[in-house]
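The values are calculated or read from the model by the stated rules, or taken from the named source; none is laboratory data. Just so it is clear, the model here is predicted, and its values are computed rather than measured. Neighbour counts run over all protein chains shown; Cβ positions are idealised from the backbone, glycine included.
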Amino acid sequence: MPHGSDIRVDLNHAFIRGVPQLYGTSVEATDLRAGAALVIAGLAAHGRTVVEQVHHIDRGYDRIEAMFSKLNGDIVRVTNESLKLQGQGNASPPSSGVSAAGTFL
């Protein structure tokens, strides 16, 4: 089964045939809209998605994680320090959902 989408461009239109399932991974927000889209995709994905460079998202959304949490989104903002602790086994990261710190889990 292919892992990417099928995108065809015809003049000013893009026709996109996506994949049946999204899977969590580590991604990087490069700007405000792309970052917000990555958060939404991460919430829809199976497994854990880590969105880094969330300062781009913060420019346009005040506490985006709180907004999605109110909608029962499994999302948490973490600090770079807490990510280091998780790597040392001192804190347990969520098994699914989206995370941030400069990162969203």
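Going by the structure shown, is LEU38 surrounded by 10 or more Cβ atoms within 10 Å (Cβ to Cβ) and either aliphatic (A, V, I, L, M) or in contact (Cβ under 8 Å) with a residue 12 or more places away in the chain (or both)? When the stated conditions are applied, LEU38 passes them. Within segment 6-29, if we keep just the residues that are surrounded by 10 or more Cβ atoms within 10 Å (Cβ to Cβ) and not aliphatic (A, V, I, L, M), the residue that is farthest from ARG48 (Cα to Cα) turns out to be ASP6. If you go through segment 30-46 and pick out every residue that is outside any helix (DSSP H, G or I) and either of a type outside the set (A, V, I, L, M, F, W, C) or at pLDDT 95 or above (or both), you end up with 3.
ASP58 passes every criterion in (1) closer than 21 Å to LEU71 by Cα; (2) touching a residue at least 12 places away in the same chain (Cβ under 8 Å); (3) more than 11 Å from the chain's Cα centre (by Cα) apart from (2).
A search for C-beta distances below 9 Å between a residue of segment 19-35 that is touching a residue at least 60 places away in the same chain (Cβ under 8 Å) and farther than 18 Å from ILE57 by Cα and any residue that is of a type outside the set (Phe, Trp, Tyr) and not in a loop (DSSP other than H, G, I, E, B), counting only pairs 6+ apart in sequence or on different chains, returns GLY24/GLY42; GLY24/HIS46; GLY24/ARG48; GLY24/VAL50; GLY24/GLY97; GLY24/VAL98.
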